[in-house]
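Read through the structure below, which is laid out as structure tokens, and then see the notes.
Bear in mind these aren't lab numbers, they're just calculated from the coordinates by the rules spelled out. These numbers come from a predicted model, not from an experiment. No Cβ is skipped: glycine too gets one built from the backbone with ideal geometry, and neighbour counts run over all protein chains shown.
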Amino acid sequence: MAMSRLERDCSKVSFIDARSLLNDHTMTSFSVHPTRLLFALVCLISVIYPQSDAAEQKPNVLFIIADDLTKTLPCYGYSLAQTPNVERLAARAVRFDRAYCQYPVCSPSRTSFMSGRRPEHTGMYGNSGSSRTPLLKDAVFMPQHFSANGYFTARLGKVFHIGSDVPECWDVTEEGSPGTKIVYQPQEVEKLGLTSFVTASHRLKGGGGEGASYTILNGGKDQLIDVRNGQRAVELLDQGAKQNAQGKPFFLAVGFRRPHLPHVAPFEFFDRYPAEKMPLPEKGGPKISGIKSDVNAEDSREALRGYLACVSFMDEQLGRVLDAMDAQKLWDNTVVVLLGDHGFLLGSRGGWWGKGVLYNEAASTTLLVAAPGKAKGVGCARVVEFLDFYPTLAELCGLPAPTGVEGKSFVPLLTKPDAPWDHVAYTMVAKGDKPAGLAVSGERFRYLENADGSVELFDVQADPREWKNLASDSAHAADLAAMKKLADDYKAKFRSTP
Ligand SMILES: [Ca+2]
């Protein structure tokens, strides 16, 4: 163990020497000068309770969430997107190809991974109310665990759901709103006072989900919430580096609002994606029930353009944060995580522009983890869950294992991304306050019990798009039974009434 600064200062006084000084004082109180006694006491305490040295200091955590970011990124093989900063982070990170959220909607997903509990044990099935639900009355959320272990904790933007923060998690907590204005959708542009900068705005007709819309701005960029939060992140990383020098690590959570709807971004980002070059949504696979009609081709192209413009806009803000990581030389002592809180369907399955369903497109999304001394620039095909973040980050940072959490640390996969891994993921949806749907994701098969009662089985190794439902294929009866048993076991464990 390296010596602390105080130990080095006291290096000429050994533990025995210090104790003998105390003994001297005890026996001959007038023979030791008070200053010398104080010095000896300080040295003794520093030996018994050594302070952290820079080399021993726990790693920082930079935890970045991009709202509704799906895997439309070059590092996941989607070359249409222009995201040089995501790629820059991916080069330092393990890229998880099969990372599953526990619930494909904002607040239920975030409440789950921030508490480390499955949705059935958070009771958060919608987007309203405090994230400290009655079931989480006594829970220690992930940032609280870091705070209790000596970390400075801060959040910028949407980390818990909007208006659902848990303030006791943070030393600094900022939504990013200018003044008292609430700047999120649906009236974001108006409330930010950016109406005069709007050059085009459109809400798409038809289709299902949230109803894609876009707004192109020709000014006011600095007022946009992600730009503000990106700038604040740079400032807090600067502050964090200074705190590191004093022995205090940080846990900084940054929540970018885009690419969540409405797709509001400056023209320069739309300009990268000419509408006529945007591909139409993929056709195939089971359609989502309840969609009345497909979005027409022109609107579909505009919708994809708006989504990608906002992905690039987010990427630019991410780049500023990564620049600050470079400038402050924080990479060797900081774990950096980038995730989407869940995925997003881009007009597939009959015209669904949204999330809230159990297919891979919504349940599995971006996860990059860059950790000092771990693998980098590689993909990992193993199945992990978002509620694994909490135990994983605690282990990476040398914190005590958190109690009451239901995930599993995936640190072994950061060391060896192809390590053997016997783990499946569970993603659920509810109807009102009752669990309704459940997906079990294994390495080869995904089994879906949808909220409408339909059952599906996909061989995601042969059919990663989940186009061909094998649930009634007799050749896969045993696979179906095995996956159904996992679902039944899960429900018996997490949904049974005590
Ligand atoms: Ca979201």
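The dipole here belongs to the chain: it is taken about the Cα centre, uses +1 on the Cβ of Lys and Arg and -1 on the Cβ of Asp and Glu, and is about 240 debye.
Within a straight-line Cα-Cα reach of under 21 Å, residue 191 can be paired with the following lysines, leaving aside sequence neighbours fewer than 8 residues apart in one chain: 158, 181, 221.
What is the range 427-494 by shape, rounded, prolate or oblate, if you read a ≥ b ≥ c off the alpha carbon gyration tensor as root eigenvalues and call it rounded for a/c under 1.5, prolate for a/b larger than b/c, and oblate otherwise? The shape class here is prolate. Ranking 284, 378, 432 by how far each Cα lies toward the positive end of the dipole of the chain (charges on Cβ) leaves 432 at the top. Counting every pair of alpha carbons in the range 108-171, the share spaced more than 19 Å apart comes to 24 percent. When the chain is described by a simple charge dipole with +1 on each Lys and Arg Cβ and -1 on each Asp and Glu Cβ, the residue from 475, 231, 148 located farthest towards its positive end is 148. Relative to the compact-globule estimate of 2.2 N^0.38 Å, the Cα radius of gyration of the chain comes out at 1.09.
Can you grab the distance from the C-alpha centre of the range 52-126 to the C-alpha centre of the range 466-498, Å, no decimals? Spelled out, the Cα-based centre of one part sits 27 Å from the other. Taking amide H positions as modeled 1.01 Å from N, with prolines and chain starts lacking one, no residue 5 or more places away or on another chain lies under 5 Å from residue 404.
Within straight-line reach of residue 58, meaning a Cα separation under 24 Å, sit the following lysines at least 8 residues removed in sequence or on another chain: 242, 248, 329, 374, 376, 408, 416.
Based on alpha carbons, the Rg and Dmax found for the range 223-303 are 20.3, 60 Å.
For a distance above 15 Å, tell me the whole-number percent of Cα pairs in the range 304-405 that qualify. Percent of Cα pairs beyond 15 Å in the range 304-405: 73. For the chain, the relative contact order is 21 percent, taking Cα pairs closer than 8 Å that sit 6 or more residues apart in sequence and dividing their mean separation by the residue count. Using C-alpha pairs under 8 Å with a sequence gap of at least 6, the mean separation divided by the residue count of the range 427-494 gives a relative contact order of 22 percent. Taking every DSSP helix (H) stretch of at least 4 residues in the chain, weighting each as -39,500 (n - 2.57) and dividing the sum by the residue count yields a mean residue ellipticity at 222 nm of -9500 deg cm²/dmol.
Placing +1 on the Cβ of every Lys and Arg and -1 on the Cβ of every Asp and Glu, with no other charges, gives the range 417-467 a dipole of roughly 180 debye about its Cα centre. Among the GluC sites (Glu not before Pro) in the range 425-493, those located in a DSSP loop and surrounded by at most 15 other Cβ atoms within 10 Å of their own Cβ are 443.
When the range 60-420 is described by a simple charge dipole with +1 on each Lys and Arg Cβ and -1 on each Asp and Glu Cβ, the residue from 80, 319, 404 located farthest towards its positive end is 404. In the chain, the DSSP beta bridges split such that about 50 percent are antiparallel, to the nearest 5.
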